[in-house]
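The values are calculated or read from the model by the stated rules, or taken from the named source; none is laboratory data. Bear in mind that the values here come from a model prediction, so they are computed numbers and not experimental data. FYI the Cβ positions are ideal-geometry reconstructions off the backbone, even for glycines, and counts take in every protein chain you see. All accessible areas refer to the heavy atoms of the entire protein, side chains included, with ligands and DNA or RNA removed. Shrake-Rupley method; radii C 1.70, N 1.55, O 1.52, S 1.80 Å.
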Amino acid sequence: MAGARRGPMMSAAAVMLRAVLRYGPVPRSRIARLTGLSPAAVTRQYGALAERGLVSEVDGPVRSNGVGRPHVPVDVDTRRHVVAGIHVAHDFCTIALLDLRGRVLATRRLPHPSDDPARVLTEAANRLTVLQAEELPGQVPLGLGVAAGGWVDPDDGVLVEHASLGWQRVPVRSLLTGVVGLPVMVDSHARALAAAERLFGAAAGRGSVVHLFVGNVVDAAIVTDGVTHRGPRSAAGEVAHLAVGDPAVRCACGGRGCLEATVAEWAWARRAYDAGVIARPSFVDLIDAARAGDATARAWFVERTRIIGRAAALLFDIVNPETLVVTEQGVLHVPECVTALREEVAARSRVCADPAADVVPTSFGPDDLLAVAAGAVQLDAVYTDPLSLRRNTFPIGASHG
């Protein structure tokens with residue numbers, strides 16, 4: 001039952017909650033076996049977690065092998081609490097409410113009302129208040145997660161740099177805490193999706209994961225021994241300028257062949273437009289053509305995926321993870337891109353023995369992906385330190401006075 005036991009610096013409550021998430025509904029006796037906690041410790045942690053509305057007993061006691069004393073299963077309680085999320089993309093924000101199993105309950109896409117980050121974030125938070133009041137008025141939010149591309153410092157709650165938006169040193173946490181009246185956590189969407197994969201997806205229970213995200217921004221997240229590596233300035237995962245792209249492409253940094261300048265959605269759409277594949281430089285148009293069966297558009301996505309595969313192979317050899325997850329539109333929408341990705345890793349990696357098992361597309365569909373990233377920022381905090389949660393009884397945006 002690997003993956004349920006105590007990780008670095010993880011409390012007994014967190015170990016138990018993660019075991020319930022992964023295996024629930026599950027009897028307390030089995031939780032003890034899975035985690036190594038004593039039965040008395042499981043009972044204590046159950047009481048503390050239940051008091052905060054995170055777990056509960058479920059109907060239908062079960063017998064072990066059909067005999068003996070019945071055991072009442074325990075599961076994550078998804079009835080009382082939600083988490084809120086805001087994902088900041090290049091052209092829009094995604095606002096969302098998720099349950100404690102990472103399932104998206106309500107979501108909206110909001111075009112940016114201006115170039116001003118304070119206005120964009122405040123508008124998204126205000127609309128989130130309305131969304132909760134309309135869709136889930138009876139459930140209490142535990143906190144707000146904010147995910148964005150680029151360089152994010154989660155300790156200070158600051159979006160240090162988002163190159164495609166031109167944002168720098170945006171104090172996201174301080175801007176939003178007063179608006180929503182909740183704890184606010186901020187992180188990069190690559191790290192957020194890595195957390196989501198480890199909690200709810202293909203990498204559940206894995207202690208070593210690399211997540212490679214390719215959108216308008218290209219970045220990565222690295223998890224080793226159950227801990228996300230951020231580096232001293234929270235800049236770990238900066239892969240945009242890996243020189244594995246097209247050497248004919250000049251990057252804004254002054255170099256040539258940078259990964260992001262070659263395969264970012266804006267760059268690849270321009271490339272396809274210049275080649276006459278699409279009528280305007282729109283990545284959405286390119287995706288739509290590929291999904292409609294256009295052979296040329298699909299071939300363009302396969303070519304892009306092979307370039308991404310070079311970066312994936314390099315990352316696999318540097319980190320040697322149990323699982324490497326790739327999130328990009330080609331592997332989501334064009335089945336042959338998954339094959340191309342694994343073929344490229346197989347051809348270039350020295351240490352990836354089984355790309356079919358070890359290199360996987362994201363576990364989350366295109367409709368929920370950004371919402372999951374945003375919610376996972378806060379959910380990761382919940383599952384890492386559940387007993388630190390305050391007993392919040394206020395809806396989003398409510399006054400605490």
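Structure above, values below:
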{"item": "Check on ALA124, surrounded by 14 or more Cβ atoms within 10 Å (Cβ to Cβ), of a type in the set (A, V, I, L, M, F, W, C) and closer than 20 Å to LEU142 by Cβ", "result": "yes"}
{"item": "Of all residues in the stretch 197-234 being in contact with a strand residue (DSSP E or B) (Cβ under 7 Å, 6 or more places away or on another chain), within 19 Å of GLN378 (Cα to Cα) and part of a loop (DSSP other than H, G, I, E, B), the one that is modelled with the lowest pLDDT", "result": "SER234"}
{"item": "The listed residue being touching a residue at least 12 places away in the same chain (Cβ under 8 Å) and in contact with a Cys (Cβ under 6 Å, 6 or more places away or on another chain), out of THR305, THR323", "result": "THR305"}
{"item": "Check on ALA194, part of a helix (DSSP H, G or I), modelled with pLDDT of 95 or more and closer than 19 Å to LEU314 by Cβ", "result": "yes"}
{"item": "Members of the stretch 325-342 that are surrounded by fewer than 19 Cβ atoms within 10 Å (Cβ to Cβ) and either within 26 Å of VAL227 (Cβ to Cβ) or among the hydroxyl-bearing types (Ser, Thr, Tyr) (or both)", "result": "THR339"}
{"item": "Test result for GLY237, surrounded by 21 or more Cβ atoms within 10 Å (Cβ to Cβ), modelled with pLDDT under 95, within 23 Å of ALA163 (Cα to Cα) and not basic (Lys, Arg)", "result": "yes"}
{"item": "Lone unmet requirement of (1) open to solvent by less than 20 Å² (accessible area, probe 1.4 Å); (2) under 18 Å from ALA373 (Cα atoms) for ARG198", "result": "(1)"}
{"item": "Sole exception among (1) β-branched (Val, Ile, Thr); (2) over 30 Å from VAL170 (Cα atoms); (3) touching a Phe, Trp or Tyr at 6+ places or on another chain (Cβ under 9 Å) for THR35, by number", "result": "(3)"}
{"item": "Pair list, Cβ under 9 Å, 6 or more apart: the stretch 159-178 residue free of Cβ contacts under 8 Å to residues at least 40 places away in the same chain, other residue among the polar types (S, T, N, Q) and open to solvent by 40 Å² or more (accessible area, probe 1.4 Å)", "result": "GLU161/GLN168"}
{"item": "Subset tally (residues that are open to solvent by less than 30 Å² (accessible area, probe 1.4 Å) and among the charged types (D, E, K, R)) for the stretch 269-324", "result": "1"}
{"item": "Residue match in the stretch 101-118 (condition: open to solvent by less than 40 Å² (accessible area, probe 1.4 Å), part of a loop (DSSP other than H, G, I, E, B) and among the polar types (S, T, N, Q))", "result": "yes"}
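Yes/no per residue for (1) touching a helix residue (DSSP H, G or I) at 6+ places or on another chain (Cβ under 7 Å); (2) within 21 Å of VAL345 (Cβ to Cβ); (3) touching a residue at least 12 places away in the same chain (Cβ under 8 Å):
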| site | (1), (2), (3) |
| --- | --- |
| GLY207 | no, yes, yes |
| HIS211 | yes, yes, yes |
| ILE222 | yes, yes, yes |
| LEU242 | yes, yes, yes |
| GLY255 | no, no, yes |
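Every residue, every condition in (1) under 17 Å from GLU265 (Cα atoms); (2) assigned to a loop (DSSP other than H, G, I, E, B), yes or no:
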site	(1), (2)
ALA297	yes, no
PHE301	yes, no
ILE307	yes, no
VAL325	no, no
VAL338	no, no
GLU343	no, no
ALA357	no, no
PHE364	no, yes
ALA373	no, no
